[in-house]
Amino acid sequence: MSDLLAAYDDSLRTEAEMLGALDVARIGPLWLGTFPGEQGFISYRNLAGADLETLVGLAVEYFDQNARVTDVEWKTRAHDDAPGLHEVLVRRGFVPGEPESVMIGEAAALAIDLPLPEGVALRQITEDGDIRRMVAMQDDVFGSRTGAEILLDQMAADTTIECWVAEAGGDVVSAGRLLPVPGTAFAGIWGGATRPQWRRQGIYRALTAVRARSALRQGKKLIHSDSTEYSRPILERYGFVKVTETTPYERRR
């Protein structure tokens, strides 16, 4: 697991997390990206020995200077050496979200042929109308109001993003994204959602497999995913390992 964790830190933090950003700034060890939808994002590789109070204050000030940025996420990892970071973030108005497991494994382990329920088909989508249908389903499942405009802007800024859906009777019943990471062996699987009445039929698993096959075609041998407790066991069954835990801290103006 130590090798996978090292690969995660070396390949999937800082520059890799700024793909598709409209603007990127540096404050000491921090990377600050402004993304489509005027969303702020903060990450870093190492905070050991840093003056956390000062760093967090400077990051808040940076995004507060941009009146259009209303939401900022500070992404933490459980294995980082940053004692007291939680307390500093909370004092500065950040609210911790639900922790997720960072899972890593071989793409080939996921890329197997699986049967689908009768009447269900998988396909990659690129048209605006299809993207809007996909996001509407995900918002319904997650109880959110993301809207499609942010994803459409992200896809315009980062053309490597792939969107995949499972459809039945013309309706989107499951969906997820694939994000290959340039210059690395990794691709990420994100945004997995399945309507409740279509769960436990192998649809999400098949959707994961088709994304893994796409990753392999692009030379990506490893898959990473920030997984909930619903999707983590699925990946574990195929040899994926939890290398750390990540918690988003969000601040809204």
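Where a number appears in this text, it was derived from the coordinates with a stated rule and is not lab data. Here the structure is a predicted model, which is why all the values come from computation and not from measurement. With ideal geometry, Cβ positions are generated from the backbone for all residues, glycine too; neighbour counts draw on all protein chains shown.
Structure values in brief
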{"item": "Region 105-244: relative contact order as a whole-number percent, Cα under 8 Å and 6+ apart", "result": "32 percent"}
{"item": "Dipole magnitude of the chain about its Cα centre (Cβ charges: Lys, Arg +1; Asp, Glu -1), debye to nearest 20", "result": "540 debye"}
{"item": "Under 14 Å from the Cα of Lys221 - aspartates and glutamates, other chains or at least 8 residues apart", "result": "Glu106"}
{"item": "Alpha-carbon Rg with Dmax, taken over region 2-101, Å", "result": "13.4, 42"}
{"item": "Amide H contacts under 5 Å for Ala193, placed H, 5+ residues apart", "result": "Ala175"}
{"item": "Helical mean residue ellipticity (222 nm; -39500 (n - 2.57) per DSSP H run of 4+; nearest 500) of the chain", "result": "-9000 deg cm²/dmol"}
{"item": "Span from the region 193-243 Cα centroid across to the region 44-66 one, whole angstrom", "result": "34 Å"}
{"item": "Where GluC sites (Glu not before Pro) in DSSP loops with at most 10 other Cβ within 10 Å are excluded, longest remaining stretch of the chain", "result": "1-117"}
